[in-house]
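This report refers to the structure that appears directly beneath it.
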Amino acid sequence: MAALLSIVSSVLVGIVLVFAPWTPLWDSNWLLPVWPGLRGFMTSAFTRGAVTGLGLVNVVLALSDVRARVLSHRTRR
């Protein structure tokens, strides 16, 4: 059960990280008014792409974990 929760949470976090940087929510981040110098960095395409890349890595690792668990379950039978 813990493995399933870990996989589901990794996929969900990965999906959020893939799509969040490209939504209006990213531009209305509560950190931006507090630290105006951060706006340029947070809204740059480089930062958005880096966060999206981390999300994709998270999803790929979760899917790899699913694959490993399915294969190990099949070999135990």
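Just the accessible area per residue of the chain, please: how many Å² with a 1.4 Å probe?
Numbers: 5750 Å² over 77 residues.
Accessible surface, normalised per residue, equals 75 Å².
Compute the angle between helix 45-76 and the longest alpha-carbon principal axis of the chain, please, reported from 0 to 90 degrees and rounded to the nearest 10.
Tilt relative to the chain: about 10 degrees.
Cα atoms only: what Rg and Dmax, in Å, come out for the chain?
16.9, 58
Full-extension gain between D27 and L12, please, as 0.36 nm times their residue separation minus the C-alpha to C-alpha distance. Present the calculation step by step, with values, prior to reporting the outcome.
On the way: separation 15, 0.36 × 15 = 5.40 nm, distance 2.10 nm.
Taking 0.36 nm per residue and subtracting the Cα distance, the gain is 3.3 nm.
Does anyone have the angle between helix 2-19 and the longest principal axis of the chain? Alpha-carbon axes, 0 to 90°, nearest 10?
30
Quick one: pull the percent of accessible area on the chain belonging to carbon and sulfur, 1.4 Å probe, ligands and nucleic acids left out.
Values: 4300 of 5750 Å².
Result for the chain: 75 percent of the exposed heavy-atom area is carbon or sulfur.
The values are calculated or read from the model by the stated rules, or taken from the named source; none is laboratory data. The model shown is predicted, which means the values in this text are computed figures rather than measured ones. Protein only, heavy atoms only, side chains kept; ligands, DNA and RNA dropped before computing areas. Shrake-Rupley method; radii C 1.70, N 1.55, O 1.52, S 1.80 Å.
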